Amino acid sequence: MLDRHATLTVAEPRTPYQLTTTPQLWLEVLVDRPYPRDSQEDEQILTYSIPPYLTVEIGDILSVPFGSQVIGGIALRFIENLPPGLEENQIRPVEDVITKGFFPDNYWQLLTKIAQYYATDLITVVRVALPKGLLRSSQRRIRLKPDAIPPGAEVFCTPLSRQILSLLKNQKEGDYSAKYLQEKLKNANYGIRDLVKRGWVESYLEAPKSTNIKLKKAITLLITDFPADLTENQRKIVEILRHQGGEMWLPELVQLAGTKYFKPLIDKGYVVIEDREFLRLSSAIMSRDQPKTLTSSQKQALETIQTLKGGESALLHGVTGSGKTEVYLQAIAPVLAAGKSALVLVPEIGLTPQLTDRFVARFGDRVYVYHSALSEGERYDTWRQMLTGTPQVIIGTRSAIFAPLPHLGMIILDEEHDSSFKQTQLLPTYHARTVAKWRAQLNHCPVILGSATPSLETWLESQDNPCLYLSLPDRIQNRPLPQVEIVDMRRELQRGNRSLFSQSLRSSLETLRDKGEQAILFVSRRGHSTFVSCRSCGYVLECPHCDVSLSYHHTEPGAQELLRCHYCNYGRIHPKQCPECGSPYLKFFGTGTQRVTQELSKEFPHLRCLRFDSDTTRNKNAPRELLKQFTDGEFDVLVGTQMLTKGLDIDRVTLVGVMAADGLLYHSDYRASERAFQTLTQVAGRAGRGEREGKVIIQTYTPEHPVIRAVQTHDYEGFVETELMQREGLNYPPYGSLVLIRFSGLDGEAVQKSAENVAEECVNNFGSDWDILGPAPATIMRVANRYRWQILLKSSGDKADIGGLFRPLKSLVLPKVSMAIDVDPLTIE
Ligand code: ADP
Ligand code: ZN
Ligand code: ZN
């Protein structure tokens, strides 16, 4: 067999000869190349040799040959022996190292662990973690470092290097893509490598081109007094600016001042207008805010947090409005002071602008927002920025758990019970809380889990270790929790009230405006009604692609009446007659947000209502803008779905109405009660956060339901105790653990057969630790024409090697059927 260096020499005649013999190591590289849908992990991981003149470390970004192309890759692992079936002469060398140090310490360990636990391929994990397009080889660029070249030194390098230098020098910025240089000059890479080694040029990855960083004009006041030469209008503008802390977004000033004409002020040097990145608010643009004097329970919580050891996670259990955010802020301050960074995960960025604002008000421009709605370019920029290691606070949603902060000092999950922390539709099906704990262990930092209604998992864990349980039992300034009134809608009907609004809710709404207060109405469904059926024959209008009924959508008189599927978004015009029997009597059942908004305007014409659900907030910035309009008092009532439960803190909201709690209570899922309790408690918590007392009215047809009772008495512990007992009896989480295997495909029989194959294999090979339930069709068997089956596995044993156990099952699945493994599923419907 040829020795490795001899092979190299054959492949690349210009490579300098190398005679040293280091132990033979091969390198596994995760390559970025088109990814066929059903391909296996090992097609993405290729083996390369390391040419002697390159030093490669794990996590380096490389360029490697692939067919006739050069593509990007990440150095994953050194191996001593070639994988079976590969001969040394098939192995090609890594072309070059593009960027070093692109990942913080332990990062690959974390990703590997996720792939293992959630039974997916590493590449799938890499895809959620890294900004898209990171590896595209076309992005590699070469930049001249003119100051690093000693005068006259160029004569000592090869003609090739000199040619590259002269190309670069003739470019205005001294900067070309590597591809361009390679096209211009034969074997340009040798020259580039030589120059990089000398430190005369640098090689870097360029941000993806699609940057659309949101720039917005901001206006800043440069004077502190009122100069005598101001006109009355100019004086008014300066006054507004001063009142707002000296800096504002331009459109906001235009609105307040009623003019767009600032030229004279600019010309005199009194104000300046500049583009600012929308997400990265400058500290000055917000009013600054000082740490508050803590209440005694806040203080106690903070002190305990400061004694937490690396890898420990504590529960901060505080009712809504108890001051959890203030504790986060004061816990983070010393982390930053120690030169480290903090990661704050929240369920939804768009819906919690207030939280972001409070962090910015406290920590200024050390706060960055990182979430999946950022453009590729924004994500990439933020990634690079994070890697610099400057102390900062990253606020983001689920995927921000992958933020590459090198010196991580604390991880916080706010509203840790929220189900959006779990990825369910896409792989890997990771839970950010689980990943946060692993990351905290790898980085020796603590985790703070905050909630008013902790998940049963977190609650149970904190019961085992009381020093990790921090409680804020009261609202700030002893503001009372809102009084909760339960209205039995059956009685309302008996009394002849056929309206959507109970007597009690009606009278509260009537006086709302006079008192200058605001209300939130919670509806569990969007659209108008949940289904439409024929009064004559009972026919229900269904989606042709899914096994569900269509929802009626109708926004305003005169608008098109539509029927829409909430699963696949199929839509059709609402028929005038029953498609089955031709009867014109079609009736709407169930109540969605549109219907509530319509009825409100009909019954309370003086109230200004704003609808807030995924139909009205589809646009990226819409939630923030709609909420701002509401906070600014442009509306009296906010009607919305689930989205309302997350962290709204609006002083003037004194009334919260739940239109029909029943929609939340009845689901086949074992977590339905927990979710209903959390949602109702969170919604209720939106009332009375300001000076005035709040009131919550819950309308229901089953007032005796234990969840409703517990919400009424704010009895979290009572609820949890009963619920845990039931879970324990059935060995459901947090006692036993679950894995759900989901199958789907266009061919119903193939899907069923695949599920049966896999179930049989599980029964035969999984040992006595596992209970195998199913296979069974999913609750809604067909969605968007795809048939869905599932197998539920329950275990009380060790879950360490889930990947090893489940991955081989893939081979039992028929072609064109997809199988997804959901470890610790949150819903099993
Ligand atoms: P939570 O996050 O638990 O819902 P917040 O942190 O939002 O609660 O606090 C509720 C309100 O009380 C906020 O307006 C906050 O500014 C205020 N607050 C919090 N802690 C204090 C404190 N120690 N002193 C005075 N006001 C406080
Ligand atoms: Zn009919
Ligand atoms: Zn559908």
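Nothing in this text is a laboratory measurement; each read-out follows from the coordinates by a stated rule. Every value quoted in this text rests on a predicted model; they were computed, and no experiment measured them. Glycine gets a Cβ as well: all are built from the backbone with ideal geometry, and neighbour counts include every protein chain shown.
Some points to look at:
- Shape class of segment 319-471 from the alpha-carbon gyration tensor: rounded, with the ratio a/c of largest to smallest axis under 1.5.
- Near the amide H of residue 66, within less than 5 Å, lie the amide hydrogens of 71, all on another chain or at least 5 residues away, with H placed in the peptide plane.
- Cross-linked pairs 236/515; 100/309; 217/268: Cα-Cα separations exceed 21 Å for 236/515; 100/309.
- For segment 173-188, putting each phi into the Karplus relation 6.51 cos²θ - 1.76 cosθ + 1.60 with θ = phi - 60° gives couplings of 9, x, 8, 9, 6, 4, 4, 4, 4, 5, 6, 6, 10, 5, 6, 3 Hz, in residue order, rounded to whole numbers and with x for Gly and Pro.
- Taken over the C-alpha atoms, segment 50-182 has Rg and Dmax values of 18.3, 58 angstrom.
- Cross-link reach is defined here as a Cα-Cα straight distance under 20 Å, omitting same-chain residues fewer than 8 places apart; for residue 172 the aspartates and glutamates meeting it are 147, 154, 183, 202, 206.
- Cα-Cα pairs of the chain separated by more than 54 Å (percent): 21 percent
- Surface/4 of the Cα convex hull for segment 694-829, nm²: 11.3 nm²
- Phi to ³J(HN,Hα) by Karplus 6.51 cos²θ - 1.76 cosθ + 1.60 over segment 91-99, Hz, x for Gly, Pro: 8, 10, x, 4, 6, 6, 9, 8, 9
- Structure-based [θ]222 nm, the chain - -39500 (n - 2.57) summed over DSSP H runs of at least 4, per residue, nearest 500: -9000 deg cm²/dmol
- Against the chain, whose longest principal axis comes from its Cα atoms, helix 296-307 is set at around 20 degrees.
- Between 0 and 90°, nearest 10: helix 622-631 axis offset from the chain longest Cα axis: 40 degrees
- DSSP beta bridges fully contained in segment 544-699 are about 45 percent antiparallel.
- For segment 229-268 and segment 86-115, distance of Cα centres in Å: 54 Å
- Reachable aspartates and glutamates from residue 816, criterion Cα separation under 16 angstrom, eight or more residues apart if same chain: 38, 747, 749, 756
- Each Cα pair under 8 Å and six or more residues apart adds its separation to the average, and for the chain the resulting relative contact order is 10 percent.
- Its alpha carbons give segment 495-560 an Rg and a Dmax of 17.0, 49 Å.
- Rounded to 5, the percent of DSSP beta bridges in the chain classed as antiparallel: 60 percent
- Set of lysines near residue 794 by C-alpha distance (under 24 Å), chain-local residues within fewer than 8 positions excluded: 113, 422, 437, 753, 810
- Each residue of segment 688-705 was assigned a 3J(HN,Hα) from its phi angle through the Karplus curve 6.51 cos²θ - 1.76 cosθ + 1.60 (θ = phi - 60°); the sequence is x, 8, x, 5, 8, 5, x, 9, 10, 10, 9, 8, 7, 9, 10, x, 7, 4 Hz, with glycine and proline shown as x.
- Kirkwood-based shape ratio for segment 427-531, expressed as Rg/Rh from alpha carbons: 1.13
- Equivalent-ellipsoid semi-axes of segment 624-688, from the Cα gyration tensor, Å, largest first: 25, 11, 10
- Amide H contacts under 5 Å for residue 393, placed H, 5+ residues apart: 342, 367, 368
- Amide H contacts for residue 658 (H built 1.01 Å from N in the peptide plane; partners 5 or more residues away or on another chain; cut-off under 5 Å): 522, 697, 698, 699.
- The C-alpha atoms of the chain define a longest principal axis, and helix 432-443 lies at about 40 degrees to it.
- Distance between the C-alpha centres of segment 664-698 and segment 751-771: 39 Å, rounded to the whole angstrom.
- Isolated cysteines in the chain, defined as those with no second cysteine Cβ under 4.7 Å, comprise 157, 445, 467, 568, 609, 762.
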